[in-house]
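Everything on this sheet refers to the single structure shown next.
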Amino acid sequence: MITNNLTDRSVFSQRNIDEKSIFRFAVNSSGCNKDWDFEKLATGYEDKSGTLEDVVEHVTDGHAIAAGLFGGKRRCKANVIGTHWILGDIDNSKEVDGEKVYDPQLTIEQALQHPFIKKYCGLIYTSASHTDDWHRFRLVFMLPEFVEGCEEIEQLVRFMMAEFPFLDPTCKDASRVFYGNTRAELPLINPDAVLPVEWVHLAKEQSRLDRIAYQARCEELRRRKELYPNESKDTDSLVMQALSFIPPRQPGSGNYEECTKVAMALVSHFGESEAERIIEDWSPSIPGDSWNVSKKVGSYKRSGVAIGTLFHVAKRYGFKFPSTEIRRQGG
């Protein structure tokens, strides 16, 4: 059992709450712990303003919190407005012969002594599956300013994963949901901890460079269509727009088959190498789960699932074709 004198939340009563302590966060109180109606889990988010103490209360009430704000809309990347924080998940597991086994890469005791966590982490709380023999917990890092947009958020999480490479890779999804836990232990509460502003600036700069590279690729495709007018019309940008509406693989949500079909469609359209990169960015491999992108992509190449399947799935989550709809190939 992890004990810490901060678990009684007395730290909050020892400080004055000022405007800098208040931030925005998304919470879903329609379920508890891991007992959820998954449609409500996707649609029941409220953007709130409060303090870290308010977040702690939601977590210990079993509510779900999200890494991004959705403006009251459905939880998906396309609806992410921005965030005041980033969250990381430590599962301490690996897959051996198809079985998840304990792989203690960072225990709670080690986390409490880690210099970066001691300085910059605002909150540690245990997840519902945590035990004394298998440490599973979350790290919450507050940002020095509100970060807008999905790209910047995910770039910033990538910086965090460089510091902690054993974080669950699905954490980089800006629309990721984190379950609360009515039995949560709170070994660390540090309301004054904030990540360096340089992290935000670097994330924004990297996102700017990524956008330039993407625009250059689109321009190259445009030139190719002019040079080779008989080639099939390119739908890449439309595919990526549609993909942003589709929730990534989430264990327990029942969306494994749906995500598999989407991945098959991407392999059919882009080919194995490019599709693997896109799938990992959209729905990263999950340690200890059957969702292992690199292992599966090769088996999808003769699936017969065309890109039209992806558009069909995306429509269920609110995607609409632009008025100048590009005729899709292989739909």
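The values are calculated or read from the model by the stated rules, or taken from the named source; none is laboratory data. Please read all numbers here as calculations on a predicted model, not as lab measurements. Note that we place each Cβ from the backbone using ideal geometry, even for glycine, and neighbour counts take in every protein chain shown. SASA here: full protein model, heavy atoms, side chains in, ligands and nucleic acids out. Shrake-Rupley method; radii C 1.70, N 1.55, O 1.52, S 1.80 Å.
Taking the numbered list (1) buried (at least 16 other Cβ atoms within 10 Å of the Cβ); (2) at pLDDT 95 or above in turn, E57 passes all entries but (1). Exactly one residue among L143, L112, L106, L123 is hydrophobic (A, V, I, L, M, F, W, C) and farther than 25 Å from N33 by Cβ, and that residue is L143.
Evaluate the following for V140: is it on the phi < 0 side of the Ramachandran plot and surrounded by 22 or more Cβ atoms within 10 Å (Cβ to Cβ)? When the stated conditions are applied, V140 passes them.
Once region 118-131 is narrowed to residues that are more than 20 Å from the chain's Cα centre (by Cα) and of a type outside the set (S, T, Y), the residue that is nearest to P251 (Cα to Cα) is H130.
Taken over region 27-49, the criterion of being β-branched (V, I, T) and open to solvent by less than 40 Å² (accessible area, probe 1.4 Å) is satisfied by V27 alone.
Being charged (D, E, K, R) and surrounded by 15 or more Cβ atoms within 10 Å (Cβ to Cβ) is the filter here; which residues of region 247-271 pass it? Give the derivation first.
Of all residues in region 247-271, those charged (D, E, K, R) come to 249, 257-258, 261.
Residues satisfying the conditions are R249, E258, K261.
For the residues T170, T182, the requirement of being modelled with pLDDT under 75, under 30 Å from D132 (Cα atoms) and either loosely packed, with under 13 Cβ neighbours inside 10 Å or among the β-branched types (V, I, T) (or both) singles out T170.
When K119, K100, K94 are checked against the criterion of being in contact (Cβ under 8 Å) with a residue 40 or more places away in the chain and assigned to a helix (DSSP H, G or I), a single residue qualifies: K119. Here F25 clears all of (1) modelled with pLDDT of 90 or more; (2) more than 18 Å from the chain's Cα centre (by Cα); (3) not in a helix (DSSP H, G or I) except the condition numbered (2).
Pick out the one residue from F146, F164 that is within 25 Å of P248 (Cα to Cα), open to solvent by 10 Å² or more (accessible area, probe 1.4 Å) and under 19 Å from the mean Cα position of the chain (by Cα). Full working, then the answer.
On the way: F164 fails: open to solvent by 10 Å² or more (accessible area, probe 1.4 Å).
Sole residue among the options that is within 25 Å of P248 (Cα to Cα), open to solvent by 10 Å² or more (accessible area, probe 1.4 Å) and under 19 Å from the mean Cα position of the chain (by Cα): F146.
If the condition is being at pLDDT 90 or above, open to solvent by less than 40 Å² (accessible area, probe 1.4 Å), part of a helix (DSSP H, G or I) and under 20 Å from Q250 (Cα atoms), then region 276-310 contributes I278, I279, W282, L310.
Counting only residues that are part of a loop (DSSP other than H, G, I, E, B), open to solvent by less than 30 Å² (accessible area, probe 1.4 Å), hydrophobic (A, V, I, L, M, F, W, C) and in contact (Cβ under 8 Å) with a residue 60 or more places away in the chain, region 69-91 holds 3 of them.
Taking the options A111, A128, name whichever one is assigned to a loop (DSSP other than H, G, I, E, B), in contact (Cβ under 8 Å) with a residue 40 or more places away in the chain, surrounded by fewer than 22 Cβ atoms within 10 Å (Cβ to Cβ) and among the small types (G, A, S). Before you say what the answer is, go through the steps one by one.
Working: A111 fails: assigned to a loop (DSSP other than H, G, I, E, B).
The match here is A128.
What do you reckon, is Q105 exposed (fewer than 15 other Cβ atoms within 10 Å of the Cβ) and more than 17 Å from the chain's Cα centre (by Cα)? No; evaluated as a whole, the condition is false for this residue. Being touching a Ser or Thr at 6+ places or on another chain (Cβ under 8 Å) and either modelled with pLDDT under 95 or not aliphatic (A, V, I, L, M) (or both), is that true of even one residue in region 106-121? No, that holds for no residue. Among residues of region 149-177 that are closer than 13 Å to W282 by Cβ, those with a beta-carbon under 9 Å from a residue that is aromatic (F, W, Y) and open to solvent by less than 10 Å² (accessible area, probe 1.4 Å) at least six positions away or on a different chain give the pairs T170/W291; D173/W282; S175/F70.
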